[in-house]
């Protein structure tokens, strides 16, 4: 397997209601790329959220008493906190300015995925797509390839961010080595790679954070089409040792 | 940037005292690959540990009373527990058969990186390299490329494993977007990608767990040579919210 990760440039600035699949197709073409069989397109959450109008102006937000109190605690704008709380199923940790939330989708990340960068107008923030798997399926249907929707998350225990899958369509979540044996013939029971997350991390290396490069073409990864869902990647809170 | 991740096949089975750099060079050649400027080689911890003789036979291990007790608690061989405890600075979590440890290097992972798969003889286990950055530097010196030593770790909150950096030489730990601005001209303060970990994750997709493919060539990633160290990637326990 020879894996290639190619940035998709020249995608126009995306706004609510725009046809993202068409814009990505244009970007692919302008980048000299054509989708082939077994190709996967990694697409940043940010452009999907923009196309889906998942943008909130803080000016129109009325913070609750809880948001005002948490705003004081964290030093954040209480209206931003209000938006974060609405996107959250649960606050997992809070310390200093850091707010780790579990989103309604079950993702555990800073600020419930609410993001202030790369949005038109200085008081606008983006929310994660409502149904990232659904967004991925829609892009996969139109473009005819596998789709991984990515977001950039912090990690526990390690510094620096890494791109992670938040939505998948067609491509499997895992690369399963169970049932196979190691070079000594011993079963490799534990080796189930979270390939969707690893591919997202790889794509994050070429998707510029400043340029109009909201997607990356992943070529050469072997996969069989499945009924994909992020649910498979999320560990049940009761069986997690750090929740 | 067009990123390529190419598996290095045909590396012989590695045993203690073998010249790993030479074996990797042979594998590269047999795979039709030649190292070029700015190439990075990802190498699994396992072959480095084997070459460095970081293998322990459980038959020779005398478990302490603590190991016997923890063996009962986890259902693991007390001698394996003893090896894990010797490799650990601290036990972070223990539940059922799962033992999350902080290694002497500061890595937080299952079983302190002690591994039973892919080792000669059924009662042998491998330990992580004593100084993975040092192992990486030695390979980088001989091969003349960037080196990322990888291991396959579980994650919090998500199912499935992902390859992670445990040693680096020459290549930077991070890709720093600080000081740059987003498409709206707003500073991208938080976007510091842990590129070494993302590259390790990508390499993990092509390095076979069963085949003799303990390395992957990473080509097309832009980097400047630095005095690299894993220390930069490890968050201080006192500033981590999940320790």
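The values are calculated or read from the model by the stated rules, or taken from the named source; none is laboratory data. These numbers were taken from a predicted model, which means no experiment stands behind them. Neighbour counts are summed over all protein chains in view; Cβ atoms, including those assigned to glycine, are modelled from backbone coordinates with ideal geometry.
Observations on the structure shown:
- Of all the residues in the range A:155-171, those that are at the interface with another protein chain (Cβ under 9 Å from one of its Cβ atoms), buried (at least 24 other Cβ atoms within 10 Å of the Cβ) and in a loop (DSSP other than H, G, I, E, B) number 0.
- Residue A:18, sole failed condition from (1) touching a helix residue (DSSP H, G or I) at 6+ places or on another chain (Cβ under 6 Å); (2) touching a residue at least 12 places away in the same chain (Cβ under 8 Å); (3) assigned to a helix (DSSP H, G or I): (3)
- Subset of the range B:1-29 (residues that are under 20 Å from residue A:1 (Cβ atoms), at pLDDT 95 or above and out of contact with any strand residue (DSSP E or B) (no Cβ under 8 Å at 6 or more places or on another chain)): B:29
- Yes/no for residue B:197 being assigned to a strand (DSSP E or B), closer than 28 Å to residue B:83 by Cβ and at pLDDT 95 or above: no
- Considering residues of the range A:142-160 that are in contact (Cβ under 8 Å) with a residue 24 or more places away in the chain and out of contact with any helix residue (DSSP H, G or I) (no Cβ under 6 Å at 6 or more places or on another chain) only, the residue nearest to residue B:240 (Cα to Cα): A:156
- Among all positions in the range B:88-104, there is at least one residue which is surrounded by 15 or more Cβ atoms within 10 Å (Cβ to Cβ), under 24 Å from residue B:163 (Cα atoms), in contact (Cβ under 8 Å) with a residue 24 or more places away in the chain and more than 14 Å from chain A (Cβ to nearest Cβ).
- Breaking point among (1) under 17 Å from residue A:14 (Cα atoms); (2) over 13 Å from the mean Cα position of the chain (by Cα); (3) buried (at least 18 other Cβ atoms within 10 Å of the Cβ), for residue A:55: (3)
- Listed conditions (1) in contact with a helix residue (DSSP H, G or I) (Cβ under 8 Å, 6 or more places away or on another chain); (2) at pLDDT 95 or above are all met by residue B:228, apart from (2).
- Residue that is farthest from the chain's Cα centre (by Cα) [pool: residues in the range B:2-37 that are within 14 Å of another protein chain (Cβ to nearest Cβ) and at positive phi]: B:32
- Failed item in (1) within 11 Å of another protein chain (Cβ to nearest Cβ); (2) assigned to a helix (DSSP H, G or I), with residue A:79 passing the rest: (1)
- If you go through the range A:131-153 and pick out every residue that is more than 12 Å from the chain's Cα centre (by Cα) and outside any strand (DSSP E or B), you end up with 10.
- Residue among B:51, B:30 that alone is within 12 Å of residue B:129 (Cβ to Cβ) and without any contact (Cβ under 8 Å) to a residue 40 or more places away in the chain: B:51
- Residue list for the range A:192-243, filter: more than 10 Å from chain B (Cβ to nearest Cβ), more than 30 Å from residue B:93 (Cα to Cα) and without any contact (Cβ under 8 Å) to a residue 12 or more places away in the chain: A:227
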